[in-house]
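In what follows, a single structure is set out as structure tokens and then discussed.
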Amino acid sequence: MPELPEVEAVARALRPLVEGRTIRRARVLHPIAVRPSSGRGARRAAQDLVARLRGRWITRVGRRGKYLLLELDRGCVVMHFRLDGQLVWFDSHTLAGHVDVALDLDSGTLGFVDRRHFGRVQHFTQPDDLPGIRALGVDPLTPEFTAEKLADILRSSRPLKLLLLDQARIAGLGNIYSSEALWRARLDPRRRAHRVLPAEARRLHKAIVAVLLRALECCLHPAPDFRDPGWWFQGLEEILRVYGREGKPCRRCGAAVRRIEQGGRSTYACFRCQK
DNA sequence: CCTGCTACCTGATGGC
DNA sequence: TGCCATCAGGTAGCAG
């Protein structure tokens, strides 16, 4: 379920564990997790990954949108958690539970876990070799994301919610925080983006940044604990204002929160205060 | 070029 | 209890 704040928190917690470490050996337990996006050639991809990672060392942990990057002395490991992927840490090289890909480091083992097999672990010479990364739009937590930049992005006839989910426009918002940002900005998720007035666009800009920063703070306290196999972010539900609250009173005006479908996915909103 | 729909996977949940 | 339908926080690929 990770969106930008969760992946950012994972990147920060991972740095002291892996930066400067050598990958002694990579193990691909479930080749489906490393197959190319075309979907075929998983076994071959697994062999390639193992060969390319042997002996490399991790220079830096980075993030691009919802992608986690392990930059190496040669090339880069790109991970995407999609809906359910997560990381686990083992102090030894002995694994436990479902692990798709294991990176045996000189100090322990980093495991990529995703029972559902939506997520991916891949190696590229550089991150931009993956089309999904090359196409990413502005990162909303960088200075480049200004109110003017958002106004530019809003030149579209699409509904606001679908536009905010588009990773090629803004990188890192997902289904939860797009609903949350629109609630905070008091904007109807069905509104066509180019109908949004300048003052409303400035409100939305502030709301996006505020929602993400608040979630990031929550994700960092307590920090991710990869050693606990059952670990997941605590307390996130309490900071959500509309997401998942169908039928419950709006925290601003008391009207019932509604769930609607947009692009085949759930959107939550209060249509009394979101116009 | 843009937009919208579906497939991709597996597990959890709720109704009957 | 068992079974089936539905849902899940994402993205790539394809058709129009």
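Miscellaneous remarks
- Cα centroid of the range A:191-222 to Cα centroid of the range A:229-265, whole Å: 16
- Burial ranking of peptide ranges A:82-89, A:137-144 (average Cβ count within 10 Å, highest at the top): A:82-89, A:137-144
- For the range A:35-83, the square roots of the Cα gyration tensor eigenvalues, ordered a ≥ b ≥ c, give a/c of at least 1.5 with a/b no greater than b/c, which places it in the oblate category.
- Listed by chain and number, the lysines whose C-alpha is less than 16 Å from the C-alpha of residue A:248, apart from same-chain residues fewer than 8 away, amount to an empty set.
- Look at the alpha carbon pairs under 8 Å that are at least 6 residues apart: their mean separation over the length of the range A:4-134 gives a relative contact order of 28 percent.
- Computed over chain A, relative contact order equals 17 percent, with contacts defined as Cα pairs under 8 Å that lie 6+ residues apart.
- Reach of residue A:275 by Cα under 16 Å, taken over lysines that are not fewer than 8 positions away in the same chain: A:161
- Sorting A:53, A:236 from the fewest to the most surrounding beta carbons within 10 angstrom yields A:236, A:53.
- Diffusion coefficient, µm² s⁻¹, Stokes-Einstein with Kirkwood Rh over alpha-carbon pairs of chain A at 10 °C and 1.306 mPa s: 80
- Debye log10 I(q)/I(0) for the range A:117-255, one point scatterer per Cα, at q = 0.14, 0.19 Å⁻¹: -0.77, -1.22
- Rounded to the nearest 500, the helix-only mean residue ellipticity at 222 nm of chain A stands at -8500 deg cm²/dmol, with each DSSP H run of n ≥ 4 adding -39,500 (n - 2.57).
- Relative contact order of the range A:153-208: 43 percent, from C-alpha pairs under 8 Å at least 6 residues apart in sequence.
- Using alpha-carbon coordinates, inclination of helix A:198-220 to the longest axis of chain A, degrees: 40
- Here the 3J(HN,Hα) profile of the range A:92-108, calculated from phi with Karplus coefficients 6.51, -1.76 and 1.60 at θ = phi - 60°, is 10, 9, 8, 8, 9, x, 6, 10, 7, 9, 10, 10, 7, 9, 5, 10, x Hz, Gly and Pro shown as x.
- Pairwise inverse Cα distances across the range A:4-134, averaged and inverted, put the Kirkwood hydrodynamic radius at 14.4 Å.
Read the figures in this text as sums done on the coordinates, not as results from a lab. Nothing here was measured: the structure is a model prediction, and the numbers come from that model. As a convention, Cβ positions derive from the backbone with ideal geometry for all residues, glycine included, and neighbour counts pool all protein chains shown.
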